[in-house]
Amino acid sequence: MPEQLLSHEQQLAPEREYVTTNGHDSSRDLTLADFLPKSEWTIEDAVETYNIDRWGLGYFGINEEGHVTISPARSAGATIDVMDVLKDAEEWGLQFPLVIRFQDLLRDRVINLNKAFADTIAEQNYRGSYFGVFPIKVNQLREVVEEIEDAGRPFNYGLEAGSKPELFAALATHQNSEAIIICNGYKDTAFIRTALLGNKLGKKVIMIAEKVEEVKSIVEVAREIGVKPVIGVRIRLAAKSTGIWSTSGGESAKFGLSTMDLVEAIEYLQKNDSIDSLQLVHFHIGSQIPDILSIKRATREATRYYAKLVKMGLTGIQYIDVGGGLGVDYDGSRTSFHSSTNYTMEDYAGDTVFNIMDVCEEESVPHPHIVSESGRAIVAHHSLLVVRVFGAIEKTKAEYDLTVKRSDHKWVKQLQKIKERIEENPRDALHDTLQIKDESQNAFDLGILDLRTKAKIETFYWHIIEEITELFKRRLEDPNIEEEIPEEIADLTPHLADQYLCNFSVFQSLLDHWALGQIFPIMPVHRLNEPPVIHGTLVDITCDSDGKVSKFADIKDVRTTLPLHPLRNGEPYYIGLFLTGAYQDIMGDLHNLFGRVNEAHVFLDPDEESGFYIEETIAGNSISQVLELTQYHEKELVRRMKVQIDEAIKSDRLKPNEAMRMLNEYEKGLQDHTYLTFNGKA
């Protein structure tokens with residue numbers, strides 16, 4: 001393998017084996033061994049079951065009480081018990097679902113990215129500097145952007161805006177004249193004028209031209225208002241990424257200039273005496289790039305463009321912007337699967353610097369300053385969504401009656417006999433059970449099977465299937481038996497899973513999972529000192545069959561069920577959805593009018609007994625707020641209800657006191673949280 005294709009870490013440690021192939025070719029149904037309750041369950045078993053040590057990057061762990069912990073500054077700071085945060089949040093009156101933001105973790109991510117580039121620049125004697133920018137589109141929340149801007153100030157870490165609203169926010173938030181503001185996306189005259197206002201204020205605002213016409217517009221508007229613009233050009237590379245967002249790059253990409261467009265733009269700038277305004281070469285091949293080889297190829301191709309432009313006499317070009325794409329290992333597999341990465345942040349920085357420098361040395365051109373637009377890797381880990389389970393849909397229940405009477409249908413009697421001889425031949429028992437299930441369904445469809453008989457057949461069916469799977473589970477435990485789980489059983493395993501009913505909306509809080517199949521780490525945040533003997537899936541409270549989570553992170557393939565604990569009457573059960581800080585907050589929709597959820601912003605504080613304090617809370621949407629978004633105005637709704645209630649009083653359907661009480665409840669209800677409330681708590 002040529003040296004330039006080796007990752008930075010591989011160059012330093014060539015004896016280490018790296019997996020660069022996709023380890024997730026297809027979804028798998030978990031074998032029952034995956035959920036095997038150990039006779040002596042330990043915290044280490046819980047860590048291994050949920051892979052928290054792999055995707056957690058040292059931020060997440062499990063303590064001896066079986067609670068998930070957060071170390072926002074990793075080894076440099078305190079460790080927080082998530083259950084302590086939930087307790088404090090409830091004292092603040094916050095209902096579930098609840099987003100918890102760990103602001104110190106944001107700071108740690110910013111520091112680590114800048115340190116990774118600084119270290120590799122020093123190590124490789126690179127003669128340029130690093131100027132990172134945070135793309136606001138990844139998480140536009142003001143508290144998030146301000147924390148990142150503050151943490152990045154010592155590193156001259158800037159911001160990126162891709163729309164007019166984002167640019168207005170960036171100009172006001174940006175406080176460091178040495179840090180860059182990058183403007184991406186298509187631009188109209190108002191966008192350009194606003195960016196140039198930043199230049200007049202002494203900020204370094206670089207507008208990235210997405211087409212030749214934008215270059216012309218920038219020059220014309222700048223001349224009109226008397227300011228020198230700083231222009232970058234996005235190159236449409238031939239190199240493409242892999243993964244979900246691979247269409248962002250390549251020659252058919254939505255943004256960027258072709259080579260012909262680039263030449264035309266340069267000629268225009270030269271003719272209009274503005275060639276010195278061109279200071280940056282930009283590219284972007286997609287978000288969440290899973291394979292380091294894609295990054296290497298794109299970086300080398302873009303640097304070649306930079307070198308050729310410099311050799312054409314465009315010596316004013318000072319920067320290469322490598323765009324976004326630095327991925328997050330959501331499943332902990334460390335592979336090129338779309339929800340993983342086969343490289344680290346340090347690999348990314350090392351390979352970016354190395355490949356730019358290598359091409360520049362070949363071409364004998366100066367080393368440019370490096371800009372990157374890493375957003376996902378900065379904000380994903382800082383946000384945790386906690387949802388409360390309020391019930392379960394079970395396939396088998398212990399209280400179901402399995403007694404057989406003389407008057408019962410022959411199929412019920414046959415199933416009873418099958419159940420008694422399962423251990424003799426489980427495969428044969430499975431096949432006979434499946435046959436009876438099919439025949440009974442056909443009989444029901446023809447109208448010749450009554451409802452009670454069908455119910456009893458289904459009850460026997462699921463109990464028999466469960467017993468057969470339990471039998472194979474025990475056999476898998478036995479080291480003296482070499483047996484694989486039958487395909488028929490593997491196929492049925494997901495159907496046996498309980499469905500845990502969770503008080504949240506997938507469409508609001510986990511949109512990328514529904515829309516793109518993005519995998520997120522999900523696990524209980526407590527009771528992890530107990531074996532998770534249930535394997536289940538999660539369903540939300542929307543009236544949509546897609547409102548569910550049935551794909552879960554795993555280091556081998558995609559799990560179709562999640563290890564969970566039995567629910568206890570009257571005791572809340574909390575599940576955490578991790579690494580949700582990128583895109584999910586802003587892209588969630590209002591399906592069923594479930595609005596934004598409550599938030600708690602947590603900071604470390606050594607003076608607090610628990611090691612932290614909740615600095616700020618943000619209330620989620622009320623019913624009236626989401627209705628306003630769809631033109632149902634609160635006063636008009638109340639007025640219409642009052643008209644109907646008055647009519648009910650006049651027609652003697654309601655007594656006046658009862659009617660006024662109903663109207664008051666209606667008005668009060670409009671201020672409620674959009675999610676469900678149980679016994680006074682969400």
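Of note:
- Subset of the stretch 305-351 (residues that are of a type in the set (Asp, Glu) and either touching a helix residue (DSSP H, G or I) at 6+ places or on another chain (Cβ under 6 Å) or closer than 26 Å to LEU159 by Cα (or both)): ASP321, ASP329, GLU346, ASP347, ASP351
- Test set (1) of a type in the set (A, V, I, L, M, F, W, C); (2) outside any helix (DSSP H, G or I); (3) closer than 22 Å to ASP491 by Cβ - LEU449 fails condition number: (3)
- Residue under evaluation MET83, criteria (1) modelled with pLDDT under 95; (2) under 29 Å from ILE534 (Cα atoms); (3) in a helix (DSSP H, G or I), criterion not met: (1)
- Which numbered condition PHE578 fails, given (1) within 19 Å of TYR330 (Cα to Cα); (2) buried (at least 22 other Cβ atoms within 10 Å of the Cβ); (3) modelled with pLDDT under 95; (4) of a type outside the set (A, V, I, L, M): (3)
- Search result, residues across the stretch 611-632 that are surrounded by 14 or more Cβ atoms within 10 Å (Cβ to Cβ) and in a loop (DSSP other than H, G, I, E, B): GLY611, ALA619, GLY620, ASN621, TYR632
- VAL404 vs. criteria surrounded by fewer than 21 Cβ atoms within 10 Å (Cβ to Cβ), free of Cβ contacts under 8 Å to residues at least 24 places away in the same chain and of a type in the set (A, V, I, L, M, F, W, C): yes
- Test: THR20 is modelled with pLDDT under 95, β-branched (Val, Ile, Thr) and more than 30 Å from HIS495 (Cβ to Cβ): yes
- Test: residue in the stretch 381-403 that is aliphatic (A, V, I, L, M), over 30 Å from GLN95 (Cβ atoms) and out of contact with any strand residue (DSSP E or B) (no Cβ under 6 Å at 6 or more places or on another chain): yes
- Helices (runs of 4 or more DSSP H) lying entirely in the stretch 277-380 (those with 3 or more residues that are among the acidic types (Asp, Glu) and assigned by TED's automatic domain parsing to the domain that holds ILE148): 345-363
- Some residue of the stretch 130-140 being of a type in the set (D, E, K, R), more than 24 Å from GLN584 (Cα to Cα) and either touching a Ser or Thr at 6+ places or on another chain (Cβ under 9 Å) or free of Cβ contacts under 8 Å to residues at least 12 places away in the same chain (or both): no
- Annotation: of all residues in the stretch 189-235 being in a loop (DSSP other than H, G, I, E, B) and free of Cβ contacts under 8 Å to residues at least 40 places away in the same chain, the one that is farthest from the chain's Cα centre (by Cα) is GLY226.
The values are calculated or read from the model by the stated rules, or taken from the named source; none is laboratory data. Treat the numbers as computed from the prediction; the structure is a model and nothing was measured. Using ideal geometry, Cβ is built from the backbone for each residue, glycine included, and neighbour counts are taken over all protein chains shown.
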